[in-house]
Amino acid sequence: MSASPLSIEQSAATLARGGVLVYPTEAVWGIGCDPFDQAAVLRLLAIKQRPVDKGVILIGASLEQLDPLIDWAALPPERAQAVRASWPGPHTWALPATAAVPAWISGAHRSVALRVSAHPQASALCRAHGGPLVSTSANLAGQPPAFRREQLDRAVLALADGVCEGETGGLTAPTPIRVASTGEVLRG
């Protein structure tokens, strides 16, 4: 892994090569890759020591990047409107998944956790990559997330292919995850 932070362009190139990247998000440092690259996702899960059946969050720079993954027809119109109105922003929703969502992303769920990020580096990275990214906290499963760069786990950093430039957005807790169909909070 490079000792110095990667630019957005270098980070996007790392992702295009099937790399796993540490990058800042709204609250914590995330670790991500191309969600449609099964080998990269499985490598990311091995780095985190996270089982595939739990599923992972995806972020995008725009609704257009995530739209093909969402079965909007499975949601009541008022719930779909609430989801759309919350984006971009620090709101993660468990949404009905289309067949385009791979099992290594949804895990044991029929839904997919999605967020349109307003974080400058995270959304710029999605734009440069040309699509959504896996966005899970850059820590070993069960360990506390890193809110600041100096809190990043050295074991995770040693196995990642780089760290994107930037800083987290300053939120004091990871983004909440809610069920789109009901508004129920899964993670507060």
**Request:** Determine which member of the set Pro88, Pro76, Pro96, Pro51 is out of contact with any Lys or Arg (no Cβ under 9 Å at 6 or more places or on another chain) and either over 20 Å from Val22 (Cα atoms) or of a type in the set (Asp, Glu) (or both).
**Result:** Pro76
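Could you list, in sequence order, all residues of region 51-73 that are among the aliphatic types (A, V, I, L, M), assigned to a helix (DSSP H, G or I) and in contact with a Pro (Cβ under 7 Å, 6 or more places away or on another chain)?
Scanning region 51-73 gives a single hit, Leu66.
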**Residues that are under 16 Å from the mean Cα position of the chain (by Cα) and in a helix (DSSP H, G or I), drawn from region 74-105** = Ala103, Trp104, Ile105
**Asked** If we keep just the residues of region 47-74 that are without any contact (Cβ under 8 Å) to a residue 60 or more places away in the chain and among the aliphatic types (A, V, I, L, M), which is least open to solvent (accessible area, probe 1.4 Å)?
**Response** Ile70
**Fill in**
How many residues of region 34-46 are farther than 16 Å from Val112 by Cα, among the hydrophobic types (A, V, I, L, M, F, W, C) and surrounded by 14 or more Cβ atoms within 10 Å (Cβ to Cβ)? The answer is 3
**Message:** Looking at Pro176, Pro88, Pro77 in this structure, which one is touching a Ser or Thr at 6+ places or on another chain (Cβ under 8 Å), at pLDDT 95 or above and open to solvent by 20 Å² or more (accessible area, probe 1.4 Å)?
**Reply:** Pro88
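The values are calculated or read from the model by the stated rules, or taken from the named source; none is laboratory data. None of the values given here were measured: they were computed from a predicted structure. When we count neighbours, we look across all protein chains shown, and the Cβ atoms used for this are built from the backbone with ideal geometry, even at glycine. These accessible areas exclude ligands, DNA and RNA; they are computed on the full protein's heavy atoms, side chains included. Shrake-Rupley method; radii C 1.70, N 1.55, O 1.52, S 1.80 Å.
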